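Take a look at the structure set out below.
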Amino acid sequence: MPAACCDPRPATNTGAADLVVVGLGNPGPEYEGTRHNVGRLCLEAFARRAGIGISRRRWRARTGCGELAGRRLWLVEPQTYMNLSGRSVLEAARELGLQPASVWVVHDEMDLPLCRLRIRRGGSAAGHRGVGSIIASLHSDDFWRFRVGVGKPPARGSEAGVDYVLSPFEGREREVLETVVDNVAAAIETAVLQGLPRAMEVYNRPGSLGCEEIP
């Protein structure tokens, strides 16, 4: 990519605004492969599809930049812990001069089964601390979410939920994880190339990720 593509100053052309695509997760090898880091896995898969490396350090995050369909993209993996993710997102949006609607966040979602994706704009954090941190930092919930289902824990309660998302995928989950990640990456690509309404039409339905749902 040309060096100018990675200039963080707000774009001055009259085309589409830059996009910030955020993959949520916790840093460190102990969190690799956990349900809470599936957003990060999906972002990295999208980066490979788009030919964008995520190797720079900026905004308390690992970042990459490139262009797809004439639109400048910034890929962001916050290196704070999950509940401080909003700091990275705010710094990126502020430096790039972007409104919340130009921020797309890819994250795990316990209210959806594994093998389901729901793309939506706005709404509450629904208990997700990373999303809550972004809402608090931007003072707005008007950003897009790619909610990647990970299913519910067998036990109820907030403590059980925390233990569940910080645990690795198991058994059948591991068998379908690559399919889920690859198809979420395809959904992000579709949203960039064909627009969010088209991506929602294709991917906000059962079976769109190419595997059987696992509650």
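The values are calculated or read from the model by the stated rules, or taken from the named source; none is laboratory data. Keep in mind that this is a model prediction, so the values were computed, not measured. Cβ sites come from the backbone with ideal geometry, for glycine too, and all protein chains shown count toward neighbours.
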Out of the residues in the range 42-66 that are among the aliphatic types (A, V, I, L, M) and out of contact with any Leu (no Cβ under 8 Å at 6 or more places or on another chain), state the one that is nearest to VAL76 (Cα to Cα). ALA61
Taking the range 116-128 on its own, how many of its residues are surrounded by fewer than 24 Cβ atoms within 10 Å (Cβ to Cβ), touching a Leu at 6+ places or on another chain (Cβ under 9 Å) and not in a strand (DSSP E or B)? 0
Hey, any hits in the range 46-57 for a residue that's in contact with a strand residue (DSSP E or B) (Cβ under 9 Å, 6 or more places away or on another chain) and part of a strand (DSSP E or B)? yes
Failed condition for THR14, given (1) surrounded by fewer than 21 Cβ atoms within 10 Å (Cβ to Cβ); (2) at pLDDT 95 or above, with all others met? (2)
In the range 180-202, residue surrounded by the most Cβ atoms within 10 Å (Cβ to Cβ) [restricted to those that are over 16 Å from the mean Cα position of the chain (by Cα) and without any contact (Cβ under 8 Å) to a residue 40 or more places away in the chain]: VAL202
Sort out which residues of the range 111-139 are closer than 17 Å to PRO215 by Cα and modelled with pLDDT of 95 or more, and write them in order of number. LEU112, PRO113, LEU114, CYS115, ARG116, LEU117, ARG118
Subset of the range 71-89 (residues that are surrounded by fewer than 20 Cβ atoms within 10 Å (Cβ to Cβ) and either closer than 13 Å to SER140 by Cβ or touching a residue at least 60 places away in the same chain (Cβ under 8 Å) (or both)): ARG71
